[in-house]
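Undergrad: Right, I'll just put the structure down here and ask away after.
The values are calculated or read from the model by the stated rules, or taken from the named source; none is laboratory data. All values reported here derive from a predicted model rather than from experimental measurement. Note that each Cβ is placed from the backbone with ideal geometry, even for glycine, and that neighbours are counted across all protein chains shown.
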Amino acid sequence: MADVLRVGLAGLGTVGGGVIRVLAANRDLIARRAGRSIEIVAVSARDRNRDRGLDLSGFAWIDDTTALASHPDVDVVVELIGGSDGPALTLARETLAAGKGLVTANKAMIAHHGLELARAAETARAPLAFEAAVAGGIPVIKGLRDGAAANVIERVYGILNGTCNFILSAMEASGRDFGDVLAEAQALGYAEADPAFDIDGIDAAHKLSILASVAFGTQPAFAGVAVQGIREVIAADIAEAAALGYRVRLVGVAEVGAGGLFQRIHPHLVPTGHPLAHVTGALNAVVAHGNFVGPLFFQGAGAGEGPTASAVVADLIDIARGEFGPAYAMPADALDQAPPQDSADRRCRAYLRFTVMDRVGVLAEIATAMRDAGVSIESLIQRGTTASGGAMVAIVTHEGPERAVAAALERLRGSQSVVGQPMWMHILS
């Protein structure tokens with residue numbers, strides 16, 4: 001490897017432009033910290049003629065992105081194309097096969113193909129780094145992989161999607177419903193024109209599966225993540241949660257134990273005394289519990305040009321120093337293949353919201369279904385009448401097995417008194 005770490009950059013979108021700007025603005029400091037200069041020597045993107053507000057004249061332009069992997073002047077490839085498959089995955093495979101380092105912010109690719117890429121990196125004795133794939137500029141991967149390496153970690157959870165967190169905290173502050181705040185988030189650039197990837201929880205699920213693997217030493221298992229987004233959260237849920245002493249957040253939870261690996265993305269009621277309740281706007285936060293270090297709390301910007309580019313460049317600095325090991329903190333073949341844990345026997349407290357016909361006997365019908373399923377009710381509240389003649393019933397349960405709550409909801413399926421699908425949110429403990 002040359003004295004200068006020579007970088008090929010694939011993808012010149014927001015983050016790619018940010019990487020160029022970070023390396024230019026902090027060039028001297030980065031060289032001192034890395035022990036040598038880090039320079040971009042070649043770039044590739046779909047549209048050569050697009051004006052990106054960057055001077056690209058000093059870089060070789062490569063029309064065929066995959067050719068970066070075999071470029072003789074490139075030591076490390078930074079992949080910022082995106083997508084779980086296609087050109088990004090082809091570039092990643094060929095880069096590692098050529099024995100070159102790979103840095104990526106591509107959470108979808110790592111969630112789906114991370115184990116394969118980790119094995120390829122180990123075979124080639126090449127670095128694979130993906131700090132920027134989870135929680136933007138927050139150094140949570142390094143914190144878990146390196147800083148907490150001496151600890152057994154059995155639980156990791158947090159707020160992993162800034163778009164959802166912006167929407168939920170804006171609903172909380174304004175009292176507006178989901179659709180209005182989503183439109184605002186799109187206008188401000190916090191949400192895409194097609195926001196499904198974010199608001200349906202898929203983005204957060206990719207990140208959670210990566211975190212779980214690093215934290216627990218298990219093989220990445222994205223397919224085992226149970227996912228529910230925030231589309232069905234209404235302003236009345238936010239208000240009811242506040243009255244009960246909670247705030248609504250989309251939280252990812254992963255735990256490992258004798259029963260296997262549990263992973264879930266789901267709207268939660270978070271007690272106002274919990275640090276996650278105070279994570280607002282587009283911020284992300286992650287909590288992990290080590291058996292000797294205790295609770296660790298990471299918070300910061302989960303996306304955006306500066307934070308994500310900062311994480312990419314931090315990975316490049318590690319590679320320039322020669323500081324890299326197995327991508328998941330241990331060799332890929334040492335990662336456990338943990339079976340997915342059945343959530344039915346997990347014990348929880350739940351918030352249940354029903355829209356019902358405002359007529360005699362409705363509350364008794366719901367209470368009977370809960371009783372017959374073995375659900376103990378802590379509180380049951382009916383609020384007002386809607387324009388369509390319905391009312392909202394909110395229930396908070398005592399702690400009990402999730403299978404009991406599921407059975408109660410099944411008993412109410414098809415009820416003439418219940419309008420639409422009930423909303424089930426877990427209460428974070």
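Undergrad: Just to be sure I understand the filter: pairs with C-beta atoms under 8 Å, separated by 6 or more residues or on different chains, first member in region 319-336 and among the β-branched types (Val, Ile, Thr), second member at pLDDT 95 or above. Which pairs pass?
TA: 319/5; 319/76; 319/101; 319/103; 319/127; 319/129
Undergrad: I'd like to check something: does region 91-110 contain any residue that is surrounded by fewer than 23 Cβ atoms within 10 Å (Cβ to Cβ), at pLDDT 95 or above and among the acidic types (Asp, Glu)?
TA: Yes, region 91-110 contains at least one residue that is surrounded by fewer than 23 Cβ atoms within 10 Å (Cβ to Cβ), at pLDDT 95 or above and among the acidic types (Asp, Glu).
Undergrad: Scan region 255-272 and give yes if some residue there is of a type in the set (Gly, Ala, Ser) and either touching a Ser or Thr at 6+ places or on another chain (Cβ under 7 Å) or buried (at least 24 other Cβ atoms within 10 Å of the Cβ) (or both), otherwise no.
TA: No - not one qualifying residue is present in region 255-272.
Undergrad: For region 181-190, check the following and say yes or no: at least one residue is under 15 Å from the mean Cα position of the chain (by Cα) and not hydroxyl-bearing (Ser, Thr, Tyr).
TA: no
Undergrad: Hey, another quick one. In region 1-53, what residues are in a loop (DSSP other than H, G, I, E, B), of a type outside the set (Gly, Ala, Ser) and more than 17 Å from residue 82 (Cβ to Cβ)?
TA: Listed by number, the residues that qualify are 1, 3, 4, 26, 36, 48, 49, 51.
Undergrad: A further question follows. For region 106-205, which helices (runs of 4 or more DSSP H) that fit wholly inside it have 1 or more residues that are within 30 Å of residue 93 (Cα to Cα)?
TA: Here the list reads 107-124, 162-174, 196-199.
Undergrad: In region 1-43, how many residues are free of Cβ contacts under 8 Å to residues at least 12 places away in the same chain and in contact with a Ser or Thr (Cβ under 8 Å, 6 or more places away or on another chain)?
TA: 2
Undergrad: Being among the β-branched types (Val, Ile, Thr) and either closer than 21 Å to residue 320 by Cα or within 21 Å of the chain's Cα centre (by Cα) (or both) is the filter here; which residues of region 76-121 pass it?
TA: 76, 77, 78, 81, 95, 103, 104, 110
Undergrad: Could you tell me whether residue 311 is crowded, with 17+ Cβ neighbours inside 10 Å, small (Gly, Ala, Ser), in contact with an Asp or Glu (Cβ under 7 Å, 6 or more places away or on another chain) and farther than 24 Å from residue 168 by Cα?
TA: yes
Undergrad: Report every pair of residues separated by at least 6 positions or lying on different chains whose Cβ atoms are under 8 Å apart, first residue within region 123-150 and in the same structural domain as residue 74 (by TED's automatic domain parsing) and surrounded by 18 or more Cβ atoms within 10 Å (Cβ to Cβ), second in a helix (DSSP H, G or I) and aromatic (Phe, Trp, Tyr).
TA: From region 123-150, no pairs qualify.
Undergrad: Consider only pairs whose beta carbons are under 7 Å apart and that are at least six residues apart or on different chains; among these, list those whose first residue lies in region 224-253 and is without any contact (Cβ under 8 Å) to a residue 40 or more places away in the chain and outside the structural domain of residue 381 (by TED's automatic domain parsing) and whose second residue is surrounded by 17 or more Cβ atoms within 10 Å (Cβ to Cβ) and not in a strand (DSSP E or B).
TA: So the pair list comes out as 227/201; 227/202; 227/205; 228/201.
Undergrad: Only one of (1) crowded, with 19+ Cβ neighbours inside 10 Å; (2) part of a strand (DSSP E or B) fails for residue 318. Which number is that?
TA: So the condition that residue 318 fails would be (2).
Undergrad: If I filter region 379-408 down to residues being modelled with pLDDT under 95 and farther than 14 Å from residue 353 by Cα, which single residue comes out as farthest from the chain's Cα centre (by Cα)?
TA: 389
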